[in-house]
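Worksheet for the structure shown next.
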Amino acid sequence: MHYLYSHNDLDGVSCGILARLAFGSNVEIQYVSIQRLDQKIQQHLETAKTTDPLWVTDLSMNSENEERIHTFIELGGSAQLIDHHKTALHLNDHSWAHVKIAHEEDKLASATSLLYDFLIKSDYLQRSQALDEFVELVRQWDTWNGIATKTSVQNG
């Protein structure tokens with residue numbers, strides 16, 4: 001069973017959608033706030049099986065949980081963090097973290113766009129036009145690339 005902890009905003013929930021498409025019923029998804037992530041990760045790692053991969057998207061954790069994940073991996077576990085926030089760049093020091101602010105095309109990244117690329121490269125998911133469009137719309141919304149649309153939707 002894969003375990004995904006993702007932010008409870010559009011970008012994070014969209015990561016959950018991609019995970020469900022990639023892993024089907026073999027993924028348990030929890031959407032959490034920034035404030036609750038560290039507690040959830042700590043609780044998860046206290047009982048986690050090393051055979052169950054841990055995924056964290058659109059969020060980053062405190063240094064104590066960095067160390068817990070490191071220990072989990074040393075014991076044979078698997079973990080992957082995918083994020084696009086500058087505050088998480090230091091996590092790239094770990095082999096299990098993939099933090100990237102922008103794509104090569106100088107487009108700002110979202111967690112959804114990074115996870116989509118990762119799942120395709122890892123052969124968990126196949127690229128499709130529908131998913132390409134979905135991921136791009138989420139990326140635009142989350143990076144304020146679609147600010148005119150975002151403002152008009154919010155203002156009704």
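The values are calculated or read from the model by the stated rules, or taken from the named source; none is laboratory data. Nothing here was measured: the structure is a model prediction, and the numbers come from that model. Don't worry about glycine lacking a Cβ; one is built from the backbone with ideal geometry, like all the others, and counts go over all protein chains shown.
Annotations
- The number of residues in the stretch 11-28 that are among the polar types (S, T, N, Q) and part of a helix (DSSP H, G or I) comes to 1.
- Restricted to helices (runs of 4 or more DSSP H) entirely inside the stretch 45-156, those with at least 1 residues that are exposed (fewer than 14 other Cβ atoms within 10 Å of the Cβ), modelled with pLDDT under 95 and over 16 Å from the mean Cα position of the chain (by Cα) are 147-154.
- The stretch 27-41, residues that are touching a residue at least 24 places away in the same chain (Cβ under 8 Å) and farther than 15 Å from residue 81 by Cα: 27, 28, 33
- When restricted to residues that are within 30 Å of residue 138 (Cα to Cα) and of a type in the set (Val, Ile, Thr), the stretch 58-76 contains 1.
- Residue in the stretch 29-36 that is surrounded by fewer than 18 Cβ atoms within 10 Å (Cβ to Cβ), of a type outside the set (Ser, Thr, Tyr) and assigned to a strand (DSSP E or B) present: yes
- Among residues of the stretch 125-151 that are under 28 Å from residue 27 (Cβ atoms) and among the charged types (D, E, K, R), those with a Cβ under 8 angstrom from a residue that is modelled with pLDDT under 95 and surrounded by 14 or more Cβ atoms within 10 Å (Cβ to Cβ), sequence gap 6+ or separate chain, pair up as 139/107; 139/145.
- Failed item, numbered, when residue 8 is tested on (1) buried (at least 19 other Cβ atoms within 10 Å of the Cβ); (2) within 25 Å of residue 125 (Cβ to Cβ): (1)
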